[in-house]
Structures are given as C-alpha cells and as structure tokens.
Amino acid sequence: MISSAGLYGKGRPSPVRAVEVAKTRGIYLNSHRSALVDRELVARHQLVIVMSAEQRRVMVEKYGAIRDEVVVLGDLDPYPIKTRTIEDPYGRPEEVFVASFARIDRCLQELVHTVARPIPVSAEG
C-alpha cells in the first residue's frame, strides 16, 4: 500500500505553485488534499519516507515507527548533496518548488531502482 500524509493541516489543497510545477512533471495535484499522519497509518506501512532527519525522529518517537523502516529521502540523492533535508517549498517562490520537486524525482528514481534491483542468488541456491 502507498499513501501520503503529513504532520500539519488536514484537508488542505495543494498550493497553486505546487499544482503548476507538478503538472510540468505529469503529476496532477488539483484534487489532492492533505492528510495527517497517525499511529495507525504508520503501523500499516513497512516503509515510511520523510523529507528530513527531524521528521524521521518524529515518526519514531511520536508515531511508533521502527527506525530502520523510516528513510530520509534526500539520503538517496545520486547527486552530491549539502544536506539530507529536502527543502519544503510551501509558501516559497516557484524556483524552490522546481528545485525541491527535481530533487524528489531524483531520489524516488533511485529508490525505485534500488528496490527493483534483482537480488543475486548464490551458486549454492
């Protein structure tokens, strides 16, 4: 199961800039509404992806996530990085949305590549 939730604001629509930038990437957020993380949601998932180390700490301490099942998405960036955190573009200029969405895309592509990679089987079987 894949789902999306955040730490703030239930039922909010995506910011206009987010909708516009996402659309250029073939993602349509027009009908998207924010949902809140809760313990039950976290417990139903084997992997929780967050945007910062602070969010990882919150998932573990407040929502009971298993630390090894929470990944800071920025850690997967194949480009050289200055910070693990993927910048939250909310309320920021369009170029911040573009940069954040580009980084999210790179990191998600790396995640998919890693998860989809076949597991080598030894000669012993």
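The values are calculated or read from the model by the stated rules, or taken from the named source; none is laboratory data. Keep in mind it's a predicted model, so treat the numbers as computed, not measured. Here the Cβ is made from the backbone with ideal geometry for all residues, glycine too, and neighbour counts use every protein chain on show.
When Ala35, Ala65, Ala43 are checked against the criterion of being at pLDDT 90 or above, surrounded by 13 or more Cβ atoms within 10 Å (Cβ to Cβ) and touching a Gly at 6+ places or on another chain (Cβ under 9 Å), a single residue qualifies: Ala35. Checked across region 83-92, the condition of being among the hydrophobic types (A, V, I, L, M, F, W, C) and not in a loop (DSSP other than H, G, I, E, B) holds for no residue. Of everything in region 68-82 that is assigned to a loop (DSSP other than H, G, I, E, B) and not β-branched (Val, Ile, Thr), the residue that is surrounded by the most Cβ atoms within 10 Å (Cβ to Cβ) is Asp77. Looking only at residues in region 21-32 that are part of a helix (DSSP H, G or I) and in contact with a Phe, Trp or Tyr (Cβ under 8 Å, 6 or more places away or on another chain), the one that is surrounded by the most Cβ atoms within 10 Å (Cβ to Cβ) is Val21.
When the test is whether a residue is surrounded by fewer than 14 Cβ atoms within 10 Å (Cβ to Cβ) and not small (Gly, Ala, Ser), Val115 passes it. Does Ile104 satisfy being outside any helix (DSSP H, G or I), of a type in the set (A, V, I, L, M, F, W, C) and surrounded by 15 or more Cβ atoms within 10 Å (Cβ to Cβ)? No; evaluated as a whole, the condition is false for this residue. How many of the residues making up region 7-18 are modelled with pLDDT of 90 or more and surrounded by 15 or more Cβ atoms within 10 Å (Cβ to Cβ)? Within region 7-18, residues that are modelled with pLDDT of 90 or more and surrounded by 15 or more Cβ atoms within 10 Å (Cβ to Cβ) number 0. Taking region 84-115 as the range and being more than 14 Å from the chain's Cα centre (by Cα) and either at pLDDT 95 or above or of a type in the set (A, V, I, L, M) (or both) as the test, the residues that pass are Val96, Val98, Ala99, Val115. Total residues in region 48-104 satisfying the condition of being under 17 Å from Pro15 (Cα atoms) and of a type in the set (S, T, N, Q): the figure is 1.
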